[in-house]
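A short worksheet on the structure shown next.
The values are calculated or read from the model by the stated rules, or taken from the named source; none is laboratory data. Remember, it's a predicted structure, so these values are computed and weren't measured experimentally. Cβ: placed from backbone, ideal geometry, glycine included. Neighbour counts: every protein chain shown. Ligands, DNA and RNA are stripped out before the accessible areas are found, and what is left, the full protein with its side chains, is counted by its heavy atoms. Shrake-Rupley method; radii C 1.70, N 1.55, O 1.52, S 1.80 Å.
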Amino acid sequence: MRHLKIIFLVFTLVSCSTSTMLQSGLSKYNSSVDYLHDRPAMNCNKGKLVYVTFNNFPLDSVTTVKKMKSTFIPLIFFNYFETVQKVKLGQHSIKENYNTFFENSILEESKRSGCFRAINFSPVDSAYVLDISIDTCNTTSVYKKTAMVLYFLIAGSYGFSESCSPATTSLYVTAKLRKGNDQLFDKKYAVTKFQPFVKSRLQNSQALLSSLTTNMVEVLSMSTKDCIEQIVDDVNQTLYGSQLPISSPDIDTNSKQTVPPTANSVTDSQNVAESDSLKTGNNRTDSQLKVGDVVRFYSPRYNAYLKGTVKSLNGRTKTVLVEYVSFDIVKTVELSVFDVKKINKEQ
């Protein structure tokens, strides 16, 4: 009889704590949705005006919990209980209003990496209009709680465990760019991201729920950032094509065509070997760079100048391997020594 009471008590605790009690516990926590502006700033003409309109998409008001499955395994000396709950993020778990956050973030990102001036007040007749609507925004995670009961003839024991799955955001946004009655593009953006859940070994139930909330808000933040950057890039592409009006007075953009003075003139049409004096000039350029130097170079992909670190030099081909960081990922690119400029590390 005593064993049956223990089993019933454990089963009741597991069942209740993962439905009503879980939703109530999550309601105590919220987290700030942030936007990390880490893309290189575009130094370009922002003469074109783009008026941004935003159609609000209300999130669920509160974070909700829905039971996915419940398992009970009764054995003679061992009982196992498991319940799995799906958690869906709501506005109450986010400190900022998400719609306002999205609108402010796209305006700020446009200032940084857009070759246009984005506004959200009444436009002039000559302005472009960018209509944005959030079609779907679902951020979920899975919470699992298990209980095990071991008992013998006169003794028994039981224990609980809690775990959470990675958080997932599925974000679907529609953006339309027009000028007057002419629609320039109508695109749908689908962004899905995952955020691993890392549980501390000493984390209690309250800290677990707080971490679960933070994890979901973080993946929502990353998905929003990805979507906004895609929209800004597409507006740039639509307004200018591949000819973005980039200017950077501190970089010598003609360095690619600059050739050190030589005693013998060598043209592209002459099928001759490289002159000794040109080799000397190139060697002088090579000698200005060394492994570990911080350099700046132009990236056609980002339509901007990036910073990187010299990883290796090839004197024969006059190329340099540069390592740089893009969206927290370390990448390398091989460039001509004439396409990079050494800069001071403190710049």
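Brief remarks follow.
- Expected-Rg normalisation [2.2 N^0.38 Å, Cα atoms] applied to the stretch 31-172: 1.70
- Expressed as a fraction of 2.2 N^0.38 Å, the value expected for a compact globular protein of N residues, the C-alpha radius of gyration of the stretch 41-106 is 2.14.
- Were the residues from Thr71 through Leu36 laid out at 0.36 nm apart, the gain over their Cα-Cα distance would be 8.4 nm.
- Taking all protein chains into account, the per residue accessible area for the stretch 97-238 stands at 48 Å² (1.4 Å probe).
- To put it simply, the accessible area of the stretch 58-168 at a 1.4 Å probe is 58 percent carbon and sulfur.
- Since only Ile94, Thr63, Pro74 are under comparison, the one whose Cα sits farthest along the positive direction of the charge dipole of the stretch 30-106, derived from C-beta charges on Lys, Arg, Asp and Glu, is Pro74.
- Positive minus negative residues near Lys66 (Lys, Arg vs Asp, Glu; Cβ under 14 Å): +4
- Reduced Cα scattering model of the stretch 87-143, Debye log10 I(q)/I(0), q = 0.15, 0.16 Å⁻¹: -0.61, -0.67
- Estimated vicinal HN-Hα couplings, Hz - the stretch 126-143 in sequence order (Karplus 6.51, -1.76, 1.60; Gly, Pro = x): 7, 6, 7, 10, 10, 9, 10, 9, 8, 7, 9, 8, 10, 10, 9, 8, 10, 10
- Judged by the mean number of other Cβ atoms found within 10 Å, the most tightly packed of the peptides 172-185, 104-117 leads the ranking 104-117, 172-185.
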